[in-house]
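Input: a single structure, listed below in structure tokens.
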Amino acid sequence: MKLTLKIWRQKNADAKGQIVEYPIDGIEGDMSFLEMLDILNEDLITKGEEPVAFDHDCREGICGMCSLHINGEPHGPDKGITTCQLHMRMFKDGDTIFIEPFRANAFPVIKDLVVDRSSFDRIQHAGGFISVNTSGNTIDANAIPINKHDADEAFEAATCIGCGACVASCKNSSAMLFVSAKVSQFALLPQGKIEATERVLNMVKQMDEEGFGNCTNTGACEVECPKGISLENIARMNREYLSASLKG
Amino acid sequence: MSGILNSSVGRKFAMALSAFFLMIFLVQHFAINILSVFSADTFNEASHFMGTFWVVQYIFQPILILGVIFHFVMGMVLEIRNRNARKIAYVKYNGNANSTWMSRNMIYTGAVILLFLGLHFYDFWFPEIEVKFIDGDMSGLLANGEYRYFEHLQHKFVDVWRVALYCLAFVFLALHLLHGFSSAFQSVGANNKYTRGLRGFGKAYAIIIPLGFIFIALYHHFN
Ligand code: SF4
Ligand code: FES
């Protein structure tokens, strides 16, 4: 496959970036998108040029590190996958592919396609935890009976890998899907109930302080989320938040 | 509870509450208007009641106007904040891949509805206020002793351009409601086993009510 890549290049956080065009040849449908970028980078290095910086780690869809806005969509045209799971067979010979970093003020560009998603970490630190007594008489989690339905929903919410595609896809740059998944995974379980009120208030406060936008329920996040996190989590967070505000 | 409007979730909730109020009002407005198709007398009586009953005039009407203003101002605030949340835009953005046109353009469909409200107030509300509160005539009667409401309504729908503008505005209302109805439920946290049914009902509501208003406008134009 012969392709034309239009890639966002930006030297550092303060530099002004721009789209740079790179022709590439010899791409197989079985390659992953990141392998395709590896080939481009090998090429650039051979020519003595600066390789394109992009995030990746596990390359098997579990760490949430890979990002990229590909042809107008986070993680590219396929659904329910991360960029490292995107195959080049999704593209045709002769295609032009736009590759941009995830965009949001709360995800500033560090270099080229790499963005700083530590705002997500700060939201987690604000309340995405439970306090467990480790003094020797800790109750085994498996010894606490939990309704199957709640356990399943908590598990589904916990599959969020913190990739940020929800923010990147949202026209409002809202982080509601991520935050609601993190709120839900605890809100549904008995261990999470104790700190439920402060958790939701603090996490939403931190989310707002980080400069994410306001959700208007377009549903783009749910469609683009590689883990299929449902909008039901946002509704749950809204309920949790409202009842916590009334209490607090 | 303090500062709930300062949070993104709180703003969303407030937006939804004003939307519910406006959607209920729309049904009530439609119910009275459709009477004009069946019986001029009944329509006149209902209009006179709504126009003179103090609870409607001095309690519901101000709340309604405040509701519209709140919904509009909040909509603008959200739009500006959301635009500012992404200072550098994507070069390529494929919104259709993951969301509906209606959901992404609420500000524009809303702005058209607001413009329409200006025309609608000019046509009906200002003349009513003038007769009732400036001229002090609360009788609702014409010189010939008949109620003026039906007469006024028919007179307004003679002009083709006005009917066309009304119909166009109702199309935008439908587009606004197609997203707005289910969005309001999601915002107040209602997403459960009834959601699918509710979405279907919302779509029906978003199409039937504006279509009904279009029907009424055309009916009076052609009669
Ligand atoms: S909710 Fe989905 S899209 Fe958002 S961070 Fe979690 S896994 Fe990624
Ligand atoms: S690199 Fe880990 S999810 Fe893609």
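The table below gives the values:
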quantity	calculated
Test: B:Met1 is hydrophobic (A, V, I, L, M, F, W, C), at pLDDT below 95 and assigned to a loop (DSSP other than H, G, I, E, B)	yes
Some residue of the stretch A:199-221 being under 30 Å from A:Asp140 (Cβ atoms), surrounded by fewer than 19 Cβ atoms within 10 Å (Cβ to Cβ), at pLDDT 95 or above and touching a helix residue (DSSP H, G or I) at 6+ places or on another chain (Cβ under 8 Å)	yes
Test result for A:Ser184, within 13 Å of chain B (Cβ to nearest Cβ) and modelled with pLDDT under 95	no
Scope the stretch A:56-77; condition farther than 11 Å from A:Glu100 by Cα and touching a residue at least 12 places away in the same chain (Cβ under 8 Å); matching residues	A:His56, A:Cys58, A:Arg59, A:Glu60, A:Gly61, A:Ile62, A:Cys63, A:Gly64, A:Met65, A:Cys66, A:Pro77
Top-ranked residue of the stretch B:79-128 - restricted to ones that are in contact with a helix residue (DSSP H, G or I) (Cβ under 6 Å, 6 or more places away or on another chain) and among the acidic types (Asp, Glu), ranked as nearest to A:Ile70 (Cα to Cα)	B:Glu79
Residue check, B:Arg104 within 26 Å of B:Phe181 (Cβ to Cβ) and either crowded, with 16+ Cβ neighbours inside 10 Å or in contact (Cβ under 8 Å) with a residue 12 or more places away in the chain (or both)	yes
Boolean, A:Glu153 is within 15 Å of ligand 1 (Cβ to nearest atom), within 18 Å of A:Arg236 (Cβ to Cβ) and over 19 Å from the mean Cα position of the chain (by Cα)	yes
Qualifying residue in the stretch B:26-33 (condition: within 14 Å of chain A (Cβ to nearest Cβ) and over 30 Å from A:Ala13 (Cα atoms))	no
Scope the stretch B:64-78; condition in contact with a helix residue (DSSP H, G or I) (Cβ under 7 Å, 6 or more places away or on another chain) and either exposed (fewer than 14 other Cβ atoms within 10 Å of the Cβ) or farther than 21 Å from B:Gln28 by Cα (or both); matching residues	B:Met74, B:Gly75, B:Leu78
Some residue of the stretch A:39-46 being away from ligand 2 (no atom under 13 Å from the Cβ) and polar (S, T, N, Q)	yes
Residue list for the stretch A:208-248, restricted to those being more than 17 Å from B:Ala14 (Cα to Cα) and within 7 Å of chain B (Cβ to nearest Cβ)	A:Gly211, A:Phe212, A:Thr218, A:Gly219, A:Ala220, A:Val223, A:Glu224, A:Leu231, A:Glu232
Tally, over the stretch A:68-111, of residues that are away from chain B (no Cβ under 14 Å), over 19 Å from A:Pro226 (Cβ atoms) and surrounded by 18 or more Cβ atoms within 10 Å (Cβ to Cβ)	1
Odd one out for A:Ile130 among (1) of a type outside the set (Gly, Ala, Ser); (2) more than 20 Å from B:Ala85 (Cβ to Cβ); (3) in contact with a Ser or Thr (Cβ under 9 Å, 6 or more places away or on another chain)	(3)
Some residue of the stretch A:43-61 being touching an Asp or Glu at 6+ places or on another chain (Cβ under 8 Å) and within 14 Å of chain B (Cβ to nearest Cβ)	no
Residue count, the stretch A:3-54 (criterion: part of a strand (DSSP E or B) and buried (at least 16 other Cβ atoms within 10 Å of the Cβ))	9
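Here is a yes/no grid of residues against (1) of a type in the set (Val, Ile, Thr); (2) free of Cβ contacts under 8 Å to residues at least 40 places away in the same chain; (3) outside the structural domain of A:Ala151 (by TED's automatic domain parsing); (4) within 25 Å of B:Thr195 (Cα to Cα):
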| position | (1), (2), (3), (4) |
| --- | --- |
| A:Pro190 | no, no, no, no |
| A:Lys193 | no, yes, no, no |
| A:Thr197 | yes, no, no, no |
| A:Lys227 | no, no, no, yes |
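The values are calculated or read from the model by the stated rules, or taken from the named source; none is laboratory data. Only a predicted model underlies this, so the values are computations on that prediction, with no experimental measurement involved. Neighbour counts run over all protein chains shown; Cβ positions are idealised from the backbone, glycine included.
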